[in-house]
């Protein structure tokens, strides 16, 4: 698999780091308090978004517009990056 220069540099830096992601992630995966906090916060954010959506005049139209803007920005970025 061929990777770009930035990815290669990142992987080299990560490999040289003393940070042991595997061990830390296993410990975090078993941390019930952490899992409960993440779950609770995720649900709170979701509920808040749903309530805000009810306040918008036409949330589906705004979501569609946002998607079009994102697609347009992606096309512009891609064209710029390739050039």
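Listing 19, 10 from the residue with the fewest other Cβ atoms within 10 Å to the one with the most, what is the order?
If I rank by nearby Cβ atoms, fewest first, I get 19, 10.
Note on residue 43 and residue 21: with the Förster distance fixed at 22 Å, the Cβ-Cβ geometry gives a FRET efficiency of about 0.25. Each of residue 78 and residue 54 was given a label point 7 Å from its Cα along the Cα-to-Cβ line. The distance between the two points is 3.9 nm. Three principal axis extents describe the C-alpha atoms of segment 5-82; from largest down they are 51, 44, 10 Å.
Summing -39500 (n - 2.57) over the DSSP H runs of n ≥ 4 in the chain and dividing by its residue number, what mean residue ellipticity at 222 nm do you reach, to the nearest 500 deg cm²/dmol?
-28000 deg cm²/dmol, from helical runs alone.
The numbers here are math on the coordinates, done by the rules we state, and not lab data. As the structure is a prediction and not an experimental result, all values here were calculated from the model. Backbone-built Cβ (ideal geometry, glycine too); neighbour counts: all protein chains shown.
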